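Have a look at the structure below before the remarks.
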Amino acid sequence: MSENKDPHLTGNAVEDVKFVYDFTEGNKDLKDLLGGKGANLAEMTNLGLPVPPGFTITTEACKVYLDSGEAPAALRDEVSAHLDALERRMGKKLGQADDPLLVSVRSGAKFSMPGMMDTVLNIGLSDASVKGLAKQAGDERFAWDSYRRLIQMFGKTVLDVDGDLFEDALEAAKAAKKVEVDTELEAADLKKLVTTFKKIVKKEAGRDFPQDPRAQMDLAIRAVFDSWNTERAKLYRRQERIPHDLGTAVNVCSMVFGNLGPDSGTGVAFTRDPASGQQGVYGDYLQNAQGEDVVAGIRNTVPLAELERIDKKSYDQLMQIMETLENHYLDLCDIEFTIERGTLWMLQTRVGKRTAGAAFRIATQLVDQGLIDEAEALQRVTGAQLAQLMFPRFDEDAKVRQLGRGIAASPGAAVGKAVFDSYTAIKWSRSGEKVILIRRETNPDDLDGMIAAEGILTSRGGKTSHAAVVARGMGKTCVCGAEELEVDTKRRCLTAPGGVVVEEGDLVSIDGSSGKVYLGEVPVVPSPVVEYFEGRMHAGADDADELVEAVHRIMAFADRKRRLRVRANADNAEDALRARRFGAQGIGLCRTEHMFLGDRRELVERLILADSQAEREESLAQLLPLQKRDFVELFEAMDGLPVTVRLLDPPLHEFLPDITELSVRVALAESRKDPHENDLRLLQAVHRLHEQNPMLGLRGVRLGLVIPGLFTMQVRAIAEAAAERRAAKGDPRAEIMIPLVGTVQELEIVREEADQVIAEVQAATGTELRLAIGTMIELPRAALTAGQIAEAAEFFSFGTNDLTQTVWGFSRDDVEASFFTAYLEKGIFGVSPFETIDQDGVGSLVRSAVKAGRETRPDLKLGVCGEHGGDPESVHFFHEVGLDYVSCSPFRIPVARLEAGRAASSSRGSDHR
Ligand code: PEP
Ligand code: MG
């Protein structure tokens, strides 16, 4: 390590920085500085637990090294001082020839990155001290085995020698001796192996294995710093969304040995079962071994309970320590320990990873034990874990044949026969078949097919493509954008890489949680948690599942804590009823476009084609009673709760036939000299309405302004439906929402017409209707002029799908499949902004619109109905900026309730109101 002064670190201010902490100096809250391992070793030391003495080099030192290429100037002296203290305490010097102090040098970042960075054990051994170790331990074999392990680990991790060369030499030594396992190699064999290993180092690294113990230590420290930036570590961080600038700490710890004979060993333990949360004795133990032997699986471990028989004293002490740790950390801990000749040593502890189910169980168990309160219990679980528990899963033990992989768009596990068009999906499902609808992409026409299918697979489109959004809304499994699968809807088949062809009727299985697509039927297990939310399984019942019980209690904690209300995006009575069962407090978005499809499409077509007012009015008059019936059903299902109905939003061409198909039909008819009058008119209209960028074209409020009578027909249907429900002694609470408004003038015009229609219905029915009129805020201009828009709006609902699309200039139907993977890989963002709200950009517009809107109208009701309304991180943001509610698809409601509760109990919350 260089002693040069680092240019960044001259001057008094920096000289005060402390780069090395003894284990007695740190504590568990210093993870940023000491890494998770270092902080917890310090905590255990201070609890009086048997931790081998040592010290931690901070992440700050690592950061200086990574930034400048040199360790901080002060580091060497600080390490020397701490090493001195350690040597005095242990009564021996690092690498001392007759009785060497040996140390391990281990990485340890703030967040656990298992196996991603480096560790070197047995530092301090050399040609001289190996003999001293043999004498002290009274075991020559052990000393030579420790030395060969050092050269092997040091060679591989510090000197970059190919690890296989050492493994091959070890295998050759075993073969020469005709033995199976390395414990059968004797001292003389290992001594020879040391010579071979040293030769490998010399040849491959071009230098001798360093004999100076301090040089070994310094080089190992530097290698650990470097291991922060290996490709695999970088990849891991990207996947786990761990920031790249944290750096790792380095722990230098005096060695204890588990490989000193049958009264020694090493093991791992959990204070509770990480799969179920049950308290008990969970872990594995390996006699006469060092830590890496457990990982390498060289010999079989025994269950931890066996330790009671092998070494009762150590076992009892370990049980005691586990209890101390649980009561101290108030959580499941995992532990690594070593027993050296009957003495127990703790090498690591941390709050342990657990399955989603165990997280819920453990949180409630700890509440019952009086160890944590309800607010803390909410911090112990996440919405993502709840979502995981809600989807049926493929049986993990099943044999599978993977065809390819797409974007995990809507979780779940679905199996069915491949069909390539909606018509077949409906036909087959009516005759009792389960089907997977496979399309290149879906459009509103596919809705019935999607409803009929078990799951949806597309080869194009991202997480906010039509298929993904609709599937999530229905709680239906969906994998989209599986570009490696070639979908040929004409020939009704799909070709996977390698040439496997799936024909119509072949069984396929899709996993919407991983995006994987399989050939054949993979067995599925249902979710008891959904059965519970659906009301088909009851917490408290005799046979209630313990997990269901735990989920039920945590949901109650969340509901008690949360400030945000949770509504559903739903547009039919069935979804509304499910949403209610799942805990929705209203509908935040009813997309009326779904009501204009199927049989009614023809009426819409006639409306679009109408040449005269009379024709237009006739189609509107036919649509009116149908719309009204939709709303009556919806208001009845949501009786007593608000229902926000959005007037028609999508571009009109979505209701018209496909331009190419229609052109071909007309051309063929013309060639037969038999043109069909209606087709010709239709084709003209389709041409007229064709847009290059339909999402930026004639849609939303613009439709209402250019197609006379369309919006007023919808408003009349809402008002009459509300009056009818009132007459039936119901409690309808409709709200009318105008989409895609960019300026207050648009809203004012629509509002005036709507007010007039409502007044007419009130007069005609003699019912007073309190119908709030508000708008979506989903264009940057709307957000920027929110203060003006609030003059004409009683509520805002942020349409964060369109707002993200327009703020970033990202087409929501295309970009995720086309280049988001590259953006994610390059770290431009850690997650798609269509999934988690981009707080700096889109979020800042939301924040300022909230402020401006409330300045104009203090009682302005504020919500969000974009997909972000059901995303955990985004829910916290909406809580923080002071929205009144989030609205999401029915299946996300429990997740939103939970996260709203977590947000309210993790912060002081927002007191904007
Ligand atoms: C939105 O844009 O966020 C929204 C909810 O509307 P849609 O997805 O229907 O465009
Ligand atoms: Mg929108």
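The values are calculated or read from the model by the stated rules, or taken from the named source; none is laboratory data. Remember, it's a predicted structure, so these values are computed and weren't measured experimentally. Note that we place each Cβ from the backbone using ideal geometry, even for glycine, and neighbour counts take in every protein chain shown. The accessibility values were calculated without ligands, DNA or RNA, using every heavy atom of the protein model including side chains. Shrake-Rupley method; radii C 1.70, N 1.55, O 1.52, S 1.80 Å.
What is the ratio of the Cα radius of gyration of segment 399-525 to 2.2 N^0.38 Å, where N is its residue count, to two decimals?
0.89
Rounded to the nearest 20 debye, what is the charge dipole size of the chain about its Cα centre when +1 sits on each Lys and Arg Cβ and -1 on each Asp and Glu Cβ?
So the dipole magnitude of the chain works out to roughly 560 debye.
Evaluate the Debye formula for segment 605-751 with equal point scatterers sitting on the alpha carbons, no solvent, and hand back log10 of I(q)/I(0) at q = 0.10, 0.13, 0.14, 0.17 Å⁻¹, in q order, two decimals.
Computed log10 I(q)/I(0) values: -0.45, -0.70, -0.79, -1.02.
Sorting check: for 163-174, 266-277, which peptide has the highest mean count of neighbouring beta carbons within 10 Å, and how do the rest follow?
266-277, 163-174
Tally the DSSP beta bridges in segment 399-525 and give the antiparallel ones as a percent, rounded to 5.
DSSP beta bridges in segment 399-525 are roughly 70 percent antiparallel.
Nearest 5 is fine: what % of DSSP beta bridges in the chain come out antiparallel, could you say?
The answer is about 65 percent antiparallel.
If packing is taken as the mean number of other Cβ atoms within 10 Å per residue, what is the order of 153-159, 797-803, 451-457, highest first?
The packing order, highest mean first, is 797-803, 451-457, 153-159.
Taking the Cβ-Cβ separation of E204 and W808 as r and a Förster radius of 60 Å, what is the calculated FRET efficiency to the nearest 0.05?
0.75
How much accessible area per residue does segment 265-351 have, counting only protein heavy atoms and a probe of 1.4 Å, in square angstrom?
Dividing the accessible area of segment 265-351 by its residue count gives 43 Å².
What is the calculated FRET efficiency for A621 to Q320, with r their C-beta to C-beta distance and R₀ = 60 Å, to the nearest 0.05?
Here the calculated transfer efficiency is 0.15.
Counting alpha carbon pairs within less than 8 Å and at least 6 residues apart, what relative contact order, in whole percent, applies to segment 7-254?
This gives 26 percent for segment 7-254.
So what's the back-of-envelope 222 nm ellipticity for the chain, counting only DSSP H runs of four-plus at -39500 (n - 2.57) apiece and dividing by all residues, rounded to 500?
The helix contribution divided over the chain gives -14000 deg cm²/dmol.
Trypsin sites (Lys or Arg not before Pro) within segment 764-848: which are DSSP loop residues with at most 15 other Cβ atoms inside 10 Å?
The qualifying sites are R770, K826.
Considering only protein heavy atoms and a 1.4 Å probe, what is the carbon-and-sulfur percentage of the accessible area of segment 194-286?
52 percent
Given 0.36 nm per residue, what is the gain on full extension from A728 to R238 after removing their alpha carbon distance, in nm?
170.7 nm
Quick check: Cα centre of segment 34-67 to Cα centre of segment 809-873, how many Å?
Between the Cα centre of segment 34-67 and that of segment 809-873, the gap is 39 Å.
Given the peptides 749-757, 716-724, 495-503, arrange them by the average over their residues of other C-beta atoms within 10 Å, most packed first.
Ranked from most to least packed, the peptides come out as 716-724, 749-757, 495-503.
Report the calculated FRET efficiency for A541 and Q379 (r = Cβ-Cβ distance, R0 = 22 Å), to the nearest 0.05.
Calculated transfer efficiency: 0.20.
Hey, what did segment 262-411 get for relative contact order, percent, Cα under 8 Å, at least 6 apart?
This gives 22 percent for segment 262-411.
Please give the per residue accessible area of segment 19-178, computed with a probe of 1.4 Å over protein heavy atoms only, in Å².
Dividing the accessible area of segment 19-178 by its residue count gives 38 Å².
Could you give the alpha-carbon Rg of segment 95-152 over 2.2 N^0.38 Å, rounded to two decimals?
That works out to 1.31 for segment 95-152.
Restricting to Cα pairs below 8 Å that are 6+ residues apart, what does the relative contact order work out to for the chain? Please round to a whole percent.
It comes to 9 percent, rounded to a whole number.
Using only alpha carbon positions, build the gyration tensor of segment 332-449, then give the equivalent ellipsoid semi-axes as the square roots of 5 times its eigenvalues, largest first, whole angstrom.
Largest first, segment 332-449 gives 46, 20, 12 Å.
Rounded to two decimal places and with Rh computed the Kirkwood way over Cα pairs, what is Rg over Rh for the chain?
Taking Rg over the Kirkwood Rh, I get 1.06.
Could you do me a favour and compute the accessible area per residue for segment 373-413, 1.4 Å probe, result in Å²?
Result: 49 Å² per residue.
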